[in-house]
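Structure first, commentary second.
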Amino acid sequence: MSPGPGKPRRRRVVVTAGPTREHVDPVRYLSNESSGKMGFEIARAAAERGDRVTLIAGPVTLETPAGVKRVDIVSARDMLAATREAFRDADALFMAAAVGDWRPRKRLSGKWRKKDEKTEVASLELVKNPDILATVARRKGARLVVGFALETGNGVRRARRKLERKGVDYVVLNDETALSAARTTVTILAADGSSQRLENRTKRAVARVLVRLEKP
């Protein structure tokens with residue numbers, strides 16, 4: 001059944017949010033400052049629009065929006081597996097999570113006791129995490145995929161390169177001032193070369209714009 005006049009089609013939407021954690025040992029990990037607020041607001045806005053939403057969340061303490069199915073994960077590899085599974089039958093993906101680029105080559109089973117060696121310098125060997133956005137976007141077909149980029153300085157060129165390299169429909173560019181903040185300024189870059197800038201908006205207001213995006 002098609003939606004009534006003026007009523008948007010109900011989609012199956014996947015949203016990722018928050019940081020990932022890459023454990024060094026049972027008590028230490030590598031992570032970042034992402035609060036998850038943007039992703040949670042996107043999930044909320046999509047649910048309010050009438051979409052069926054799966055929210056894949058890193059370690060955050062935010063309340064799950066009403067009507068949203070939440071899947072909690074910890075590491076980047078956990079998020080990749082959950083995103084692949086959820087996107088299999090989805091119509092759109094909003095990849096708002098701040099996924100760790102690197103992880104320790106080896107996770108220690110016990111506490112890392114390098115300080116006991118009385119050395120002033122220690123090193124930690126890292127390996128690359130999978131690129132979730134690029135991996136999933138390869139099989140998106142006609143489905144909508146929206147990525148995010150956090151850049152310092154003038155990051156438009158880098159964000160545009162990311163959009164082209166990863167084969168997504170949009171990249172939402174913001175900077176470090178968005179971390180844990182209630183308001184944000186973003187530039188939405190589209191695959192057709194167009195762009196839209198939203199200045200000093202609440203993350204909820206930005207989310208409502210994002211869930212209305214169509215294929216460029």
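In the elastic network of the chain, a GNM with C-alpha springs shorter than 10 Å, the most mobile of 198, 150, 124 is 124. Considering only DSSP beta bridges with both partners in the range 93-197, what is the antiparallel share in %, to the nearest 5? Given both bridge residues lie in the range 93-197, the antiparallel proportion sits at roughly 55 percent.
In order along the range 199-213, phi translates into HN-Hα couplings of 9, 6, 9, 5, 5, 5, 5, 4, 4, 5, 6, 5, 6, 9, 5 Hz, rounded to whole numbers, per the Karplus curve 6.51 cos²θ - 1.76 cosθ + 1.60 with θ = phi - 60° and x for Gly and Pro.
In the chain, the calculated helix contribution to ellipticity at 222 nm averages -7000 deg cm²/dmol per residue, counting -39,500 (n - 2.57) for every DSSP H run with n ≥ 4.
Database remark: amide H of residue 53 closer than 5 angstrom to the amide H of 13, 69 (H placed geometrically; neighbours at sequence offset of 5 or more, or on other chains; Pro and chain starts carry no H). Sorting 170, 29 by the number of Cβ atoms found within 10 Å of their own Cβ, with the fewest placed first, yields 29, 170. Remark: the range 180-190, residue by residue, has Karplus-estimated 3J(HN,Hα) of 6, 8, 7, 10, 7, 10, 10, 10, 9, 9, 9 Hz, where x stands for each Gly or Pro and the curve is 6.51 cos²θ - 1.76 cosθ + 1.60 at θ = phi - 60°.
With the cut-off at under 11 Å, measuring from each backbone N in the range 145-162 to a point 7 Å along the Cα-to-Cβ line of residue 195 picks out 154-161.
List 37, 166 from most exposed to least, where exposure is judged by having the fewest other Cβ atoms within 10 Å.
Details: 37 23, 166 20.
By the 10 Å Cβ count, ascending, the order reads 166, 37.
Starting from the Cα gyration tensor of the range 87-216, take the square roots of the eigenvalues, sort them a ≥ b ≥ c, and report rounded, prolate or oblate (rounded when a/c is under 1.5, otherwise prolate if a/b is larger than b/c, else oblate). Note, shape of the range 87-216 comes out prolate.
Bear in mind that the values in this text are calculations on the coordinates, not laboratory data. Quantities reported herein were computed from a predicted structural model and do not represent experimental measurements. Because the Cβ atoms are built from the backbone with ideal geometry, glycine has one as well, and the counts that use them run over all protein chains shown.
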